[in-house]
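Read the structure below first, then the notes.
The values are calculated or read from the model by the stated rules, or taken from the named source; none is laboratory data. Fair warning: this is a prediction, and the values are worked out from it, not measured in the lab. Note that each Cβ is placed from the backbone with ideal geometry, even for glycine, and that neighbours are counted across all protein chains shown. Side chains are part of the model used for accessible areas, which takes the heavy atoms of the whole protein and leaves out ligands, DNA and RNA. Shrake-Rupley method; radii C 1.70, N 1.55, O 1.52, S 1.80 Å.
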Amino acid sequence: MPDDAHTRLTGGRRPRAGLPLWLKLAFTAWILGWAPTYWVLLGPQNYFWLCNLANFLILVGLWREHRLLLSMQWLAVSLVGSLWAVDVGTAWLTGMHPIGGTEYMFDENQPLLTRMMSLYHLILPPVAGFALWRLGYDRRALAWQTGLTWLVVPLSYVFTDPERNINWVHGPFGQPQDSLDPLVYLAGLTLLWPVAVYLPVHLLMIGLQHWRARHRP
């Protein structure tokens, strides 16, 4: 990408140094352990989760140092990972889930290894955030991640078991719903996801770009 085009996408900031090799190797080692373990314990349907898909896309983004791909996954994991951490942490301290959707972390019927490996929700935001700090945020991420979500969410409805409620396509926060027609709910979820999850993070990143552009030497 030409320097002037990159400068526009990253808010007037020249690129930093590339990503360190140790980060790429460490994340690769994680995927090599996590992916087959989840396949055996939970089956391939589990990869339809947007947060699980993010593992693979971040891996590709790290090795290719692909700003757009990493920016897309930053939108996917930063807010979700933070809310996941709040819900798990609060439940661990008080026994109450203020948000919901993480009850499986305290379900003794779930394999302990599965629950422990789900702690990756705490790891993905720092990894993606560090990569963007080095490479810069690509403003096209909102449109591209929205398109990916509009593809994955309907596919989750069609190709995964309803009782698994993957990507909450059968009810919010992991709970089934019967207040709306299933397809009406699915359409609403597909439209709401980018607005409620991606847009706030995108606007924050644009604001940070403008701030850094004004205050750079």
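Laid out as a table, the results:
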| item | result |
| --- | --- |
| Full-stretch length increase - residue 93, residue 40 - with 0.36 nm per residue and alpha-carbon distance subtracted | 16.0 nm |
| Theoretical gain in end-to-end length, residue 175 to residue 64 [0.36 nm per residue, Cα-Cα removed] | 36.2 nm |
| Separation of the residue 192 and residue 86 label points, Cα + 7 Å toward Cβ, nm | 1.6 |
| Most mobile listed residue (143, 76, 26) in the chain, GNM with C-alpha springs under 10 Å | 26 |
| Loop trypsin sites (Lys or Arg not before Pro), the stretch 133-172 (other Cβ atoms within 10 Å of the site Cβ: 15 or fewer; DSSP) | 140 |
| Cα gyration tensor category, rounded, prolate or oblate, for the stretch 23-123 with a/c compared to 1.5 | oblate |
| Protection-proxy order for peptides 81-87, 40-46, each taking the mean of Cβ atoms within 10 Å per residue, highest first | 81-87, 40-46 |
| Pairs of Cα atoms farther than 23 Å apart, the stretch 42-188, % | 40 |
| For the stretch 61-109: rounded, prolate or oblate by the Cα gyration tensor [a/c cutoff 1.5] | prolate |
| Extension gain, residue 183 back to residue 203 (0.36 nm per residue minus Cα-Cα distance, nm) | 4.2 nm |
| Probe 1.4 Å, all protein chains present, accessible-area order of 206, 58, largest first | 206, 58 |
| Largest to smallest accessible area among 103, 163 [probe 1.4 Å] | 163, 103 |
| Nearest 10 degrees, 0 to 90: helix 50-64 Cα axis against the chain principal axis | 30 |
